[in-house]
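The values are calculated or read from the model by the stated rules, or taken from the named source; none is laboratory data. Everything numeric here is computed off the predicted structure, so don't read it as measured data. When we count neighbours, we look across all protein chains shown, and the Cβ atoms used for this are built from the backbone with ideal geometry, even at glycine. SASA here: full protein model, heavy atoms, side chains in, ligands and nucleic acids out. Shrake-Rupley method; radii C 1.70, N 1.55, O 1.52, S 1.80 Å.
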Amino acid sequence: MLARTAVSQSVSELGFKSTYQQFLEQEGIPVIKAFFIEDIRKLELATWKRMGGLGAYLNLEGTEGVNDSYICEIPPGKALKPQKHLFEELIFVISGSGATTVWRDGGRKQTFEWQEGSLFSPPLNTWYQHFNGQGDKPVWLLAMTNAPTVLNLFHNVDFVFNCDYGFTDRYNGEEDFFSGRGKALSEIFWDTNFIRDVRTFELKDRKERGAGGKMMMLEIANNLMSAHISQFPVGTYKKAHRHGPGAHVIILRGEGFSVMWPEGKDIKRYDWREGSLFVPPEKWFHQHFNVGGEPARYLALKPFSSRKFPGLRKQFGTSESVKRGGDQIEYEDEEPRTRVMFEEELAKRGVQSRMAEVFRGS
Ligand SMILES: [Fe+2]
C-alpha cells in the first residue's frame, strides 16, 4: 500500500541490501508486507528450518524498519529448536498451550508453562526452547522483535546469534522469574515477566485516552520493549493520538474499526475483530471505535517503549492535547465526520452509543 518504509524496500538507494534484508532472505519463509492484517490466525506458514517449525514474517508498513514480528507454528507434540540472540522478543500465544525452557550457557534450565493468551519474553541472549504441550493441536505464537534495528546496527548476523555475553542484570536464573509475580510501578504500570492471559488480565481505569477506557502498561523481562493492554466499553470510541512507529495492535476481543491518517491527509478506515493486527505509522493519528456488542480489548506490543529504561523511546504527548503541544486530539476538536461514521455503524448494528456520558465526563 505505502512504499515509503525502509523495511519494505529490498535494496537501499545504492543497491545494497540491509543486514536485516539479507537475514530475511536466508530465513526462507514468507514475508508478509501489509498495512493491516484482518486475521493473524489465518496466515499461510511455511517450513522454517532455523526454528524447526513453520513460520512467516510480518513486515507491517507502520513499523518503518524499526521492528518486525513473526508467526511461528509448533506442530502437535513437537518442540522448536533452541534459540539465542541479541534482539528482544515479546511473545503472545495466539493458540494452543505448551512450555518454554530457558537457560544460560552452563546455567541451570528452568521451564514454565503457557497457554492461549499468554505473554512473555525470553530474557535477552538467553537460550530458549518452546514445546507444544498437546499432541493433537498446533501452537501458534506471534513474536514482536527489534531484530531489524539490532541486525542493522551490528551489521553482522553471526554476532547477533552467537554472542556469549550474559546479560545477568536482566536475568540471572531467578527461580520465580516466570512465575507471573509482578510489581506495580504505579497505578497503571505492571512490571512482570509473564502474564498467563492478556484477555482476562485486570486493567485499571484510564480516563485521559477517552471512552471510559481501562488499561495496563506492561514492563516485561527488563526489556527496552514493552506492551500495554487496553479495553473500552460498548458504544464508545477513544480519542485520536499519534506517536512513534512499530506499535503492533492485536485485537483480542470485540468488533470495530480504526481510522488512521497523517496530519493534513485523508483518513483510512480499517475494520477489525478478534485476530486483526495493525501498526499505526510514525506520527499518523489513529483512533479506535467499538461498534460491537461487547467491550473491545487489544494488546499493543511496542518497540523501545519501556518507561523503566527509556532507550530510544520518542517522547510523544500521547495523552496531551495537540492544542497544548501534545499528540492527542480531544473529542471537541475532532472532525465531525468520524463521529458520523461511528453513529451510522452503530445504527446498522442496533448498538446504542454511550458517547454522551463520555463527552460529559471528558
Ligand atoms: Fe496509539
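Please calculate how many Å² of accessible area the range 28-70 carries per residue, with a 1.4 Å probe and no DNA, RNA or ligand atoms counted. Provide the component values of the computation, followed by the final result.
Details: 1550 Å² over 43 residues.
Ligands and nucleic acids excluded, the figure is 36 Å² per residue.
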About the Cα centre, charge dipole magnitude for the range 1-151 (Lys/Arg +1, Asp/Glu -1 at Cβ), debye: 520 debye
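Could you tell me what % of all Cα pairs in the range 44-160 have separations over 16 Å? Don't skip to the answer; put the middle values down first.
On the way: 4155 of 6786 pairs.
The proportion of pairs with Cα distances above 16 Å equals 61 percent.
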Expected-Rg normalisation [2.2 N^0.38 Å, Cα atoms] applied to the range 161-264: 1.31
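By per-residue mean of other Cβ atoms within 10 Å, what is the highest-first order of 29-37, 163-171? Intermediate values should be presented prior to the final figure.
Details: 29-37: 17.9, 163-171: 13.8.
Going by the mean number of other Cβ atoms within 10 Å, highest first, we get 29-37, 163-171.
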Of LYS283/LYS348; LYS33/LYS265; LYS204/LYS238; LYS109/LYS204; LYS207/LYS308, those spanning more than 27 Å from alpha-carbon to alpha-carbon: LYS283/LYS348; LYS109/LYS204
Selection from VAL291, PRO280, MET355 lying farthest towards where the dipole of the range 258-362 points positive, charges on Cβ: PRO280
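Mind pulling up the Rg/Rh value for the chain? Radius of gyration and Kirkwood radius, both on Cα. It would help to have the intermediate numbers written out before the result.
Details: Rg = 20.3 Å, Rh = 21.1 Å.
Ratio of gyration radius to Kirkwood radius: 0.96.
State the three equivalent ellipsoid semi-axes of the range 218-275, derived from the C-alpha gyration tensor as the square roots of 5 times its eigenvalues, in descending order and whole Å.
Numbers: eigenvalues 101, 63, 22 Å².
Output for the range 218-275: semi-axes of 22, 18, 10 Å.
Using the Cα gyration tensor of the range 247-336, with a ≥ b ≥ c the square roots of its eigenvalues, what is the shape: rounded (a/c below 1.5), prolate (a/b larger than b/c) or oblate (neither)? Walk me through the numbers on the way to the answer.
Values: a/c = 1.84, a/b = 1.16, b/c = 1.59.
Oblate.
Can you give me the % of accessible surface on the range 257-362 that is carbon or sulfur? Probe 1.4 Å, all protein chains present, nothing else counted. Intermediate results must be reported in sequence, preceding the final value.
Details: 2500 of 5220 Å².
Here it works out to 48 percent.
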Dipole magnitude of the chain, debye to nearest 20 (Cβ charges: Lys/Arg +1, Asp/Glu -1, about Cα centre): 240 debye
Stretch gain in nm, segment LYS17-THR47, where the contour uses 0.36 nm per residue and the Cα spacing is subtracted: 8.4 nm
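Whole number in Å², please: accessible area per residue of the range 112-224, 1.4 Å probe, ligands, DNA and RNA not counted. If you can, show how the numbers build up before the last one.
Numbers: 5070 Å² over 113 residues.
Value for the range 112-224: 45 Å² per residue.
How large, in percent, is the carbon and sulfur part of the accessible surface of the range 103-183 at a probe radius of 1.4 Å? Before the final figure, lay out the partial values.
Numbers: 1900 of 4010 Å².
Using a 1.4 Å probe with all protein chains present, the range 103-183 comes out at 47 percent carbon and sulfur.
Once you charge only the Cβ atoms, +1 for Lys and Arg and -1 for Asp and Glu, what is the size of the charge dipole of the range 226-310 about its Cα centre, to the nearest 20 debye?
Values: 13 positive and 7 negative charges, 66 e Å.
For this selection, approximately 320 debye.
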Whichever aspartates and glutamates have a C-alpha closer than 17 Å to that of LYS49, once near sequence neighbours (fewer than 8 apart) are set aside: GLU25, GLU27, GLU73, ASP158
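Heavy-atom accessible area per residue, the range 263-362, 1.4 Å probe: how many Å²? List each step's numbers first, then the result.
Numbers: 5160 Å² over 100 residues.
Using a 1.4 Å probe on heavy atoms only, each residue of the range 263-362 averages 52 Å².
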